[in-house]
1. Determine whether residue 65 is small (Gly, Ala, Ser), within 28 Å of residue 104 (Cα to Cα) and in contact with a Phe, Trp or Tyr (Cβ under 9 Å, 6 or more places away or on another chain).
2. Looking at (1) on the phi > 0 side of the Ramachandran plot; (2) open to solvent by 60 Å² or more (accessible area, probe 1.4 Å), can you tell me which one residue 62 breaks?
3. Run residue 92 past the list (1) over 22 Å from residue 10 (Cβ atoms); (2) modelled with pLDDT of 80 or more; (3) open to solvent by 70 Å² or more (accessible area, probe 1.4 Å); (4) not in a helix (DSSP H, G or I) and report the number of the one that doesn't hold.
4. Would you check if residue 49 is without any contact (Cβ under 8 Å) to a residue 12 or more places away in the chain and open to solvent by 60 Å² or more (accessible area, probe 1.4 Å)?
5. Can you find, within segment 66-89, the residue that is nearest to the chain's Cα centre (by Cα) among those that are surrounded by 14 or more Cβ atoms within 10 Å (Cβ to Cβ), hydroxyl-bearing (Ser, Thr, Tyr) and in a loop (DSSP other than H, G, I, E, B)?
6. Considering each residue of segment 44-65, count those that are more than 20 Å from the chain's Cα centre (by Cα) and in a helix (DSSP H, G or I), and give that number.
7. If you check residue 9 against the conditions, is it at pLDDT below 90, over 30 Å from residue 154 (Cβ atoms) and either open to solvent by 70 Å² or more (accessible area, probe 1.4 Å) or hydrophobic (A, V, I, L, M, F, W, C) (or both)?
8. Checking the conditions here, which among 126, 131, 113 is within 30 Å of residue 58 (Cα to Cα), in contact with a helix residue (DSSP H, G or I) (Cβ under 9 Å, 6 or more places away or on another chain) and at pLDDT below 65?
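The values are calculated or read from the model by the stated rules, or taken from the named source; none is laboratory data. Predicted model, so just to flag it, every value in this text is computed and none were measured. Positions of Cβ are backbone-derived with ideal geometry, glycine not excepted, and every protein chain shown enters the neighbour counts. What goes into the accessible areas is simple: the full protein's heavy atoms, side chains included, and nothing from ligands, DNA or RNA. Shrake-Rupley method; radii C 1.70, N 1.55, O 1.52, S 1.80 Å.
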Amino acid sequence: VAQQINNYTDIIIKGRNRLVSDKERLANYQSYCNKAYHLYQMLIPAELRGNESVGLLIVPDGPLGQFPFQTLLTANVSSDEMDYRKLPYLATQVDLQFAFSLTLLDTPVNCKSSKPYVGFAPRYESNSTNSAATEYEDLTGLVYNSTEVREVHQILGGEYYCGRKATEANFKREAPLA
C-alpha cells in the first residue's frame, strides 16, 4: 500500500508539470485517473462507496497521514478527454472529515473561553513603527486579512483588531481569553 501511495503522489506532482508535451500530459492524466480510482476501491470499504448521504470520517495513520484523500476518484472515468474539473472527486461526492486520533475525537472539548472570537489582522509596512515590520519588510502584505477578520467577526461576534491595533501586546492579552 505504501508504494502505491508514493506512486500516486508522484503522479499528482507530474500532472502539475506544464513543461511536458501534450502526449505526456495526457498519459499523466490517464495514469492519475486509473490510480485515483484504484486507490479509492482499495482504501474505502465497499459498503461505504456510492452512498453520498453518509459522511466519511478518516483517521489516517502512517503514510496515510499526509495522503490527499480528497483527490481520489469515486468512478472509473473515460480518460480520453482531459478535464480535471469534471472528475468525480471523493471530496465532491461525500462529506469528508478528518481526525488524527480516535482518543482525541472521543474526548469532550472543555472550552471555557470568555470571548467567542478574537481576530487579528496586522499590517506590515516598511515605514511602520511595528517592530515586526522591519523583520518582514520583504514580504508581500496580506491584502484581505482585515476583510476576513471583520467578516468572521460579523458571524461569530467577539472582537477584532486590525492594522495598528493588531499589536503583539493586544494579542498576548486577548488570545488566552478566546
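1. When the stated conditions are applied, residue 65 passes them.
2. Among (1) on the phi > 0 side of the Ramachandran plot; (2) open to solvent by 60 Å² or more (accessible area, probe 1.4 Å), the lone unmet condition for residue 62 is (2).
3. Going through (1) over 22 Å from residue 10 (Cβ atoms); (2) modelled with pLDDT of 80 or more; (3) open to solvent by 70 Å² or more (accessible area, probe 1.4 Å); (4) not in a helix (DSSP H, G or I) one by one, residue 92 breaks only (4).
4. no
5. Going through the qualifying residues, I end up with 74.
6. 3
7. For residue 9, the condition - at pLDDT below 90, over 30 Å from residue 154 (Cβ atoms) and either open to solvent by 70 Å² or more (accessible area, probe 1.4 Å) or hydrophobic (A, V, I, L, M, F, W, C) (or both) - is not met.
8. Just one listed residue meets the conditions, 113.
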